[in-house]
Amino acid sequence: MSTYVVYDVFTDKPFGGNQLAVFPDATDLAEDQLQSIAAEFNFSEVTFVYPSENPDHTAKVRIFTPTMEVPFAGHPTIGTAVALADLGQGPEMVLDLGIGPLACRADAGHAQFTTNAPLETLARPDPDLVARALGISRDAILTTTHAPTMVSLGLGFTITELDCRDTLAALETDIAAFRTGNARYPSGLDFAQFAYVREGDVIHARMFAPLDNIPEDPATGSACATLGALLAEIAGQDVTLRVHQGDDMGRPSVIGVTTLDSAVTISGQACKVMEGRLCL
């Protein structure tokens with residue numbers, strides 16, 4: 001029987017943040033069971049940890065959503081690093097992900113990682129379609145800094161700035177618009193939407209990927225990293241952001257984002273809330 005632990009990530013309190021199941025030793029699990037296990041948990045992600053093929057690295061980590069394996073995601077990286085630290089690894093770590101080795105540090109329930117993946121612009125989706133997907137009027141989308149833009153540091157998100165916090169809180173997704181967007185702008189995720197409001201260095205955000213069985217995500221580190229990279233590129237200077245996500249779904253999360261030249265560092269806390277065994 002394989003053991004697992006469940007962490008709430010990007011929070012220091014149970015029942016906040018984003019849930020993550022971690023299998024610290026997945027070597028006995030059959031390859032054809034991994035996706036089914038992730039679907040059984042039905043969290044936004046589950047991680048499976050294996051020995052790294054590089055003796056200088058800490059571990060190999062595979063990340064699964066309920067519907068697919070993904071090469072990179074933020075809260076699974078933070079949560080897995082904290083879980084491994086709780087098991088005696090670290091504090092300095094190198095985790096092998098689908099995007100390559102990622103340097104991490106984890107200690108006392110806090111972790112951070114830095115990615116040097118280049119920012120890639122995948123598409124500039126029609127703002128009217130984005131507005132339909134989010135259930136808002138076209139006028140609520142701000143375009144002064146940037147129009148809705150599908151960008152990626154390993155996972156593609158359409159990033160859209162909105163006019164105010166009330167608009168963000170009132171979002172209601174339209175599945176038909178997501179299907180249209182996915183057909184028109186295919187990427188690794190299915191027209192995932194990351195909408196935000198900026199108040200100086202404080203960001204309030206929500207992320208929706210309903211076609212990937214993630215109606216709403218309470219904390220999306222990869223999207224926050226991509227937002228940081230995008231804003232730094234547009235501004236031509238580094239940014240430091242504090243992202244609040246999950247408040248509108250009752251799972252408040254806080255995500256730190258710092259850019260330095262082409263690198264983006266994501267930081268946050270995680271706490272263990274459950275542990276158990278898989279009976280297969």
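Taken about its Cα centre, the chain carries a charge dipole of about 240 debye when Lys and Arg each add +1 at the Cβ and Asp and Glu each add -1 at the Cβ.
Can you give the local net charge around residue 53? Use residues other than it whose beta-carbon is closer than 10 angstrom to its beta-carbon, Lys and Arg +1, Asp and Glu -1.
Values: positive: 60; negative: 96.
Residues close to residue 53 contribute a combined charge of 0.
Highest GNM mean-square fluctuation among 44, 152, 262, for the chain modelled with Cα contacts below 10 Å: 262.
Between residue 126 and residue 274, the distance separating the two model label sites (each 7 Å from Cα on the Cα→Cβ line) works out to 4.2 nm. Using a cutoff of 8 angstrom between alpha carbon atoms and counting only pairs six or more residues apart, the relative contact order for the chain works out to 22 percent. Neighbour counts of C-beta atoms inside 10 Å place 240, 149 in the sequence 240, 149, starting with the fewest. Given their separation in residues at 0.36 nm each and the Cα-Cα distance between them, residue 137 and residue 213 gain 24.9 nm when the chain is fully extended. Distance between the pseudo-spin-label points of residue 262 and residue 180 (7 Å out from Cα toward the beta carbon): 3.8 nm. Considering only 236, 26, 205, the residue lying farthest towards the positive end of the dipole of the chain is 205, judged by Cα position with unit charges set on Cβ.
Legend: helices of the chain (whole DSSP H runs) are marked when their alpha-carbon atoms reach 15 angstrom or more along the helix axis and their mean Kyte-Doolittle hydropathy is at least 0.0; marked are 74-86, 221-235. Specify the residue with the greatest mean-square fluctuation among 221, 188, 250, computed from a Gaussian network of the chain linking alpha-carbon atoms under 10 Å apart. Highest fluctuation among the options: 250. Estimated purely from DSSP H runs of n ≥ 4, each contributing -39500 (n - 2.57), the mean residue ellipticity at 222 nm for the chain is -6000 deg cm²/dmol once divided by its residues. Highest mobility in the GNM of the chain, judged by mean-square fluctuation with C-alpha springs under 10 Å and restricted to 47, 144, 11, is found for 144.
How big is the dipole moment of the range 128-195 about its Cα centre under a simple scheme where the beta carbon of each Lys and Arg is +1, that of each Asp and Glu is -1, and everything else is neutral? Debye, nearest 20, please.
Numbers: 5 positive and 8 negative charges, 43 e Å.
Roughly 200 debye for the range 128-195.
In a reduced charge model with +1 at each Lys and Arg Cβ and -1 at each Asp and Glu Cβ, the range 120-261 shows a dipole moment near 180 debye about its Cα centre. The distance from the alpha carbon centre of the range 186-223 to that of the range 15-59 is 22 Å, rounded to a whole number. Ranked by how many other Cβ atoms sit within 10 Å of their own Cβ, fewest first, the residues 78, 63 fall in the order 63, 78.
Of all DSSP beta bridges in the chain, what percent run antiparallel (nearest 5)? Display every interim value, and only then the final one.
On the way: 66 of 80 bridges.
Restricted to the chain, the bridges split so that about 80 percent are antiparallel.
In the range 253-280, which residues have a backbone nitrogen under 18 Å from the label point lying 7 Å from residue 28's Cα in the Cα-to-Cβ direction? Under cut-off, by backbone N: 275-280.
On the basis of the beta-carbon distance and an R0 of 35 Å, residue 108 and residue 235 show a calculated FRET efficiency of 0.60. Annotation: the residues 114, 65, sorted from fewest to most other C-beta atoms within 10 Å of their own C-beta, follow the order 114, 65. Candidates 249, 157, 83 compared by Cα position along the dipole of the chain: farthest toward the positive end lies 249, with charges placed on Cβ.
Every number in this text was worked out from the coordinates using simple rules, so none of it is lab data. Everything quoted here is computed from the prediction, not taken from an experiment. Cβ sites come from the backbone with ideal geometry, for glycine too, and all protein chains shown count toward neighbours.
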